[in-house]
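*Asks:* One structure, as structure tokens, below. Some questions next.
What follows draws every value from the coordinates through simple rules; no lab data is involved. Just so you know, these numbers come straight off a predicted model, no measurement behind them. Using ideal geometry, Cβ is built from the backbone for each residue, glycine included, and neighbour counts are taken over all protein chains shown.
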Amino acid sequence: MLSGRTIIALLAAVTLVVGVAFVGVLYVAIRDAPKQAPKLTAYAHGKTVDVVPFAYCAVSMRDCQVLPQQPEDVVATVFEGLPCAAAGCEKGRTAELEVPPGYPLQLSLPDAVADAPWVAQLVYATEDGQPVGKVVSHNNYPAGARAITIDSRPLPELRLIGVELQLPILAKNQAGREFYVPHAAWSINTV
């Protein structure tokens, strides 16, 4: 017959072995889990949305994790014809968040974006519907800013209709001309 101490010691040993095995399995599952592309958080007029990437590729423009959802979204863009990662791609889309005129759009940036040289393409519309573009970048904000605010009506005749935040890389065409292209983009429709 086993004494009470022996039973407690055996239960403790079994618990320890099960705990170590659980931690080991959990570690392997986390280590082997696919890395998810970073998300932005957009906030305006009391509403918040998570903004998944519209497109997200490695800096080498290979092994894309996210490509635009609709084929017409990709035509004549840098993402046309890019390869998906071996495990497949997620389908990116434009997030929707109404930003009433006069209210700001606030973006919360994850570390992977805030610590990178990002640019944001802001699209405004005039009163007669003509688009007007403006570009802001990490240079317009304090180094490592984790949140940025975008004016929805910088002038009385302009209204914010969309934002695309991009992580650019330097590329070179066949003629040797250098230019920037995004390897990652997050798109927000604000109307």
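*Asks:* If the convex hull of the alpha-carbon atoms of the stretch 37-182 is projected onto planes in all directions, what is the mean projected area in square nanometres?
*Replies:* 10.0 nm²
*Asks:* Once the mean 1/r over all distinct Cα pairs of the stretch 110-191 is inverted, what Kirkwood radius in angstroms do you read off?
*Replies:* For the stretch 110-191, inverting the mean 1/r across all distinct Cα pairs yields 14.1 Å.
*Asks:* Arranged by the count of other C-beta atoms within 10 angstrom, fewest first, what order do Y124, Y56, Y103 take?
*Replies:* Y103, Y124, Y56
*Asks:* Sum up the charges of everything whose Cβ sits under 14 Å from the Cβ of D128, counting Lys and Arg as +1 and Asp and Glu as -1, but leave D128 out.
*Replies:* On the way: positive: R159; negative: E127, E157.
Local net charge: -1.
*Asks:* Next up: What's the FRET efficiency of E98 with Q36 using the Cβ-Cβ distance as r and R₀ = 35 Å, to the nearest 0.05?
*Replies:* On the way: r = 27 Å, r/R0 = 0.76.
Efficiency at R0 = 35 Å is approximately 0.85.
*Asks:* For a quick check: sort R5, R93, R159 by the number of other beta carbons within 10 angstrom, fewest at the front. Walk me through the numbers before you get to the answer.
*Replies:* Values: R5 8, R93 17, R159 21.
The most exposed by this proxy come first: R5, R93, R159.
*Asks:* What nm value, rounded to one decimal, do you get for the distance between E127 and L10 when each label is placed 7 Å out toward the C-beta?
*Replies:* In this crude spin-label approximation the distance works out to 8.7 nm.
*Asks:* By count of other Cβ within 10 Å, fewest leading, how are E164, E96 ordered?
*Replies:* Details: E164 18, E96 12.
By the 10 Å Cβ count, ascending, the order reads E96, E164.
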